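Okay, structure first, notes after.
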Amino acid sequence: MKIIIPKIELYIYFSLWIFANIYSLYKLIENQRDIVEKEEKVVFSLSDLQQGWSLLSRYKDGSDIEWSSWKYFLQTSWPYLIFQFVISEVIREAYISVLKYWYILSSIIFVTIYMGYKQLLIIFAQPVIYALILLFGGKKLSIWITSVILLLSYNSLKYKYYFWSFLDHDDMYDEEVYLILFSVAWIELRCISYSLDYIDSKNARLLKFDDIVKMFSYILYLPLLYMGPIILYDEFEKSFTTNREKLKTRIKRFAIDIVLFQLYTCVLDLSLHYIYFFAMQNNMELIRKLPTVALCGAGLWMGLEFHMKYVVSYGTTAAFSRLDNMVPPPTPRCIARIHVYSQMWRYFDVGLYRFLVKYIYKPGYGLLCKCNHLPKVIHKLLASLVTFTFIFVWHGIVWHILIWSVINYLGITLEHIGKAISKQKIYESFKTNILKTKAMEVRFIALLCSPLLALSAISNFYLFAGSDVGNLFVESFTHPSFVNSFLLILALYCCCHVSIALEDVPTRNSSLKNK
């Protein structure tokens, strides 16, 4: 942990930030109780409220379909995933060259039995298309053109309920349909990763049978098929060549991880019995009744819930991949300790960040540097623009995703400008003559980053809850009272100090990996 400012001052920032979080969540629950729970007819009007645990005798917010779908997959598939690992371990010991065939066959068996042959057709469609492109000598441009066309087609069909009718939804759980929708996006990233790595290989040649086996074993690898995180192809290949930890060590680590993530699951499900903010979004008039402090608590809750469900889903599937000697990305870093956009992208979804940097940002930046002689910061901003365009298309071409992407790009741009200014002589003079100490510079940076953190929070509200809720937060934050403005900036300023102090503290999985 970075301790640049006095410890007592840092402890004050930590205490104030923790208090602000707890108090805002308390006000959210208190006002929710007054608005929703005191009138039974209001509770009945919220269609996403479900019967909760009988022990609590409370309703549960069941509106997050991502969370319910991921839980459904993990709860129904874990016996088969363990079965796959046992067979994989036997094959790895006896005849490792067959292991990739087993990965493919195992996924086919699982999808056919648990999900149905129509899901299998959808899952196989993209890798077959990319394999045909490589088979006929396609280059990077054809890969990217195909990727964009597939994403546009997928998003169009998704919003027109094509997948629901194709899969005969009446005979399926909703979660099964959503799982295939999630898997299509993840499969495309793996198709791109394999294809571009294959084209970049020094001995690039027309696709052969062995290459097809490598491709499909990577793309269809079951633990990561539906939920992520994305493991790049070269990292997947290392699992077949690097030395393994002892079986006992891997199983012990796996058991600890699974117990921990099950505990997290219980905590998140418990909290959904007491916070109904997502369900309240069916009636925006209820949300408009929340005071500013409660709205801040709602924004914090959306971020924490988003973080926790990705920790559980990524962490659980990553635990299974570790059994197979893979090194998955670390679990997402908590949003309550991140204060700038670049850290959010670098540390939340690490696998996606690595994909974007390797296949889009760096190649785009290198190409721009060759084509013109503009300043490097302009090259970086243009490369970032291309990257965020892909992010927008991949997440879904809808209005609130566009707003989220644009604000994120604006935040990254402001960061780049700030870093460029910090390297100028005028800033060095300001730092030497005005700030004088490193501690004062940290305070100055935290103050500058506070509005940027507010902008980051608002952009995420569009991602978490859509345009109506995002617009409401913009309205609330653009016309606040003086007291609310002061308290909000103070809380964000404390958060910036917390984030700066914890910047070098890795997540649990990162620390274990480093050890």
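The values are calculated or read from the model by the stated rules, or taken from the named source; none is laboratory data. Predicted model only: the values in this text are computed from it and were never measured. Because the Cβ atoms are built from the backbone with ideal geometry, glycine has one as well, and the counts that use them run over all protein chains shown. Side chains are part of the model used for accessible areas, which takes the heavy atoms of the whole protein and leaves out ligands, DNA and RNA. Shrake-Rupley method; radii C 1.70, N 1.55, O 1.52, S 1.80 Å.
Among the residues of region 261-285, those that are in a helix (DSSP H, G or I) and open to solvent by 10 Å² or more (accessible area, probe 1.4 Å) comprise 262, 263, 264, 265, 266, 267, 269, 270, 271, 278, 284, 285. Among residues of region 327-341 being of a type in the set (A, V, I, L, M, F, W, C) and open to solvent by 10 Å² or more (accessible area, probe 1.4 Å), the one that is nearest to residue 17 (Cα to Cα) is 336. Counting only residues that are under 30 Å from residue 507 (Cα atoms), in contact (Cβ under 8 Å) with a residue 12 or more places away in the chain and among the hydrophobic types (A, V, I, L, M, F, W, C), region 13-39 holds 7 of them.
Within region 171-225, the only residue that satisfies the criterion of being in contact with a Gly (Cβ under 9 Å, 6 or more places away or on another chain), among the aromatic types (Phe, Trp, Tyr) and free of Cβ contacts under 8 Å to residues at least 60 places away in the same chain is 186. If you go through region 295-308 and pick out every residue that is open to solvent by less than 10 Å² (accessible area, probe 1.4 Å) and either within 14 Å of the chain's Cα centre (by Cα) or not aliphatic (A, V, I, L, M) (or both), you end up with 5. Of all the listed residues (258, 231), the sole one being touching a Pro at 6+ places or on another chain (Cβ under 7 Å) and either in a loop (DSSP other than H, G, I, E, B) or of a type in the set (A, V, I, L, M, F, W, C) (or both) is 231.
In region 40-81, the residue that is farthest from residue 220 (Cα to Cα) out of those that are without any contact (Cβ under 8 Å) to a residue 12 or more places away in the chain and part of a loop (DSSP other than H, G, I, E, B) is 57.
Restricting 377, 393 to residues that are out of contact with any Gly (no Cβ under 6 Å at 6 or more places or on another chain), modelled with pLDDT of 90 or more and of a type in the set (A, V, I, L, M) narrows the list to 393. Would you be able to say whether some residue in region 237-255 is modelled with pLDDT of 90 or more, under 21 Å from the mean Cα position of the chain (by Cα) and either charged (D, E, K, R) or assigned to a helix (DSSP H, G or I) (or both)? No, region 237-255 contains no residue that is modelled with pLDDT of 90 or more, under 21 Å from the mean Cα position of the chain (by Cα) and either charged (D, E, K, R) or assigned to a helix (DSSP H, G or I) (or both).
Taking into account only those residues within region 19-39 that are among the β-branched types (Val, Ile, Thr) and either within 17 Å of residue 305 (Cα to Cα) or not in a helix (DSSP H, G or I) (or both), which is most open to solvent (accessible area, probe 1.4 Å)? For region 19-39, the residue satisfying everything is 22. Of the residues 129, 143, the single one that is surrounded by fewer than 19 Cβ atoms within 10 Å (Cβ to Cβ) and of a type in the set (A, V, I, L, M, F, W, C) is 129.
Residues that are assigned to a helix (DSSP H, G or I), of a type in the set (Phe, Trp, Tyr) and crowded, with 16+ Cβ neighbours inside 10 Å within region 203-225 comprise 216, 218, listed in sequence order. Selection within region 67-113: residues that are farther than 24 Å from residue 311 by Cα, out of contact with any helix residue (DSSP H, G or I) (no Cβ under 6 Å at 6 or more places or on another chain) and charged (D, E, K, R). The member of this set that is modelled with the lowest pLDDT is 93.
If you filter region 226-260 down to residues that are among the basic types (Lys, Arg) and either under 23 Å from residue 70 (Cβ atoms) or in contact (Cβ under 8 Å) with a residue 12 or more places away in the chain (or both), you find that the one that is most open to solvent (accessible area, probe 1.4 Å) is 238. If residue 76 satisfies every condition in (1) of a type in the set (S, T, N, Q); (2) open to solvent by 20 Å² or more (accessible area, probe 1.4 Å); (3) farther than 30 Å from residue 124 by Cα but one, which is the exception? Unmet condition: (3).
Criterion applied to 357, 350 was being more than 17 Å from residue 506 (Cβ to Cβ) and surrounded by 15 or more Cβ atoms within 10 Å (Cβ to Cβ), and the one residue passing it is 357.
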